[in-house]
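One structure below.
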Amino acid sequence: MIGLIGASGAVGRHTAAALTKAGVGPLRLGARRPSAIPSGPWPEGSEAVEVDALDPASLARFSAGCTLLVNCAGPSYLLKDTVVRAGLAAGADVVDVLGDDPVHESLTRSGAVGSDRCVVLSAGTVPGLAGLIPLWLAGADQTEGPAHRMTGYAGGLEHATESVAADIVLSLDTGGAGGERFGRPLAAWRHGRSVDRVLRVADGAEAPYFPHRVALHPLLTAEVERLAARMDLAEADWYTVFPGTQVRELFTALPTLPMDTAEQRDAVVRRIRRAAEVDAAGSDPYYRMVFSLSGQDWARTCVVHSDNSYQLSGAVAALAVLDVLAGRIGRGLHYAAEAMDPRATVAALRANGDAEFATHRHTVALPNPGEVDTAVEDGEL
């Protein structure tokens, strides 16, 4: 039995559908309101079960009898390692769509993941796929030499779920490594270490392969730092992309908004969701990730396009589950970006139609944000 918590949510629905399409099951689909879980069709023997991810007793009942537990519930920074520990206590392996650095640190300190269990964290889009695609892109042509510089962009026009909006609010104080907030604004990776205040927010910028002018917010996350160290990059920049005016204005104001009480935080969550809805109104929703790598005398870019980040995260989570079930990820505690095979993951996402991947070659590295890009598509590498 594969247990999936958060099956009624935007990511959980797509994860369940992807697992069903792959022939995995039966599934125990969990949600606070089982009636909100789609009717399927699900694999034979599947069941919809009520579960509260914040209630240890409810989690224990749900996890009992599961061989693998998938967590798609949120807010991630509120749940922390609660779901992972419930799965481990039930003798199950665990795949968590988010479960970023605070979860990894907690599980490492306690030694909760034994030698007989497998736990995969950050098995979504950002974090997750964002740490896999640059590795895939770097390995596309081994004859060109190592990459020295990476620039990444991610964002789009889509609605914000309540869990996502709540995680955004919580990330202002938590979610990063060592008890810090999630990511370091304006920081970048330079010659083996992170450096503060290297980059600037750019409003009305032309981000490569985004259809309209956007706001670019530099953010150096622990995942980008791990990736840069693994690839031995001299430079790595990461930008969160805000195409809509309402969301970009709200994010600029976030640090100044009152959030001392639960009521104030709930009000900000509602404002984030409303701003996203206003920006997306009347437009075709989309989610885009752009990764540019360059070496001594080469440069190339991968553009990933999906209808929304929730579908893409669900697809990555399902592939992580398949990897665990097939034994392609060994026992122990892992980040998805460091455990999943980049080439196989991209090939599966492309074959399943979960996202479109386009690669481009350049004679020089992409220009800085706001400059004109003259790259010509070169087809699939």
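Given 25 °C and 0.890 mPa s, how large is the Stokes-Einstein diffusion coefficient of region 206-356 in µm²/s, with Rh as the Kirkwood radius over Cα pairs? Numbers along the way, then the final one.
Numbers: Rh = 18.3 Å.
For these conditions, the coefficient is 134 µm²/s.
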Region 38-90: GluC sites (Glu not before Pro) in DSSP loop, at most 11 other beta carbons within 10 Å: Glu44
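If you place +1 on the Cβ of every Lys and Arg and -1 on the Cβ of every Asp and Glu, how big does the dipole about the Cα centre of region 304-362 come out, in debye to the nearest 20?
On the way: 5 positive and 6 negative charges, 41 e Å.
In total the dipole reaches around 200 debye.
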Per-residue [θ]222 nm for the chain (sum of -39500 (n - 2.57) over DSSP H runs n ≥ 4, rounded to 500): -10000 deg cm²/dmol
Space enclosed by the convex hull of the alpha-carbon atoms of region 229-307, per residue, Å³: 158 Å³
Inter-label distance, nm, simple model (7 Å from Cα along the C-beta direction), Arg181/Ala358: 3.5 nm
Leu257 versus Arg270: modelled label distance in nm, points set 7 Å from Cα along the beta carbon direction: 1.2 nm
Within the chain, percent of DSSP bridges classed antiparallel, to nearest 5: 55 percent
Surface/4 of the Cα convex hull for region 1-115, nm²: 6.7 nm²
Where N is the number of residues in the chain, Cα Rg divided by 2.2 N^0.38 Å: 0.95
Where Thr301, Thr108, Thr20, Thr363 fall by accessible area, highest first, once all protein chains stay in place (1.4 Å): Thr363, Thr108, Thr20, Thr301
Qualifying trypsin sites (Lys or Arg not before Pro) in region 247-334, DSSP loop, other Cβ atoms within 10 Å at most 14: Arg328
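The values are calculated or read from the model by the stated rules, or taken from the named source; none is laboratory data. Fair warning: this is a prediction, and the values are worked out from it, not measured in the lab. Glycine also receives a Cβ, built like all others from the backbone with ideal geometry; neighbour counts cover every protein chain displayed. Quick note on the areas: whole protein, heavy atoms, side chains included, nothing else; ligands and nucleic acids left out. Shrake-Rupley method; radii C 1.70, N 1.55, O 1.52, S 1.80 Å.
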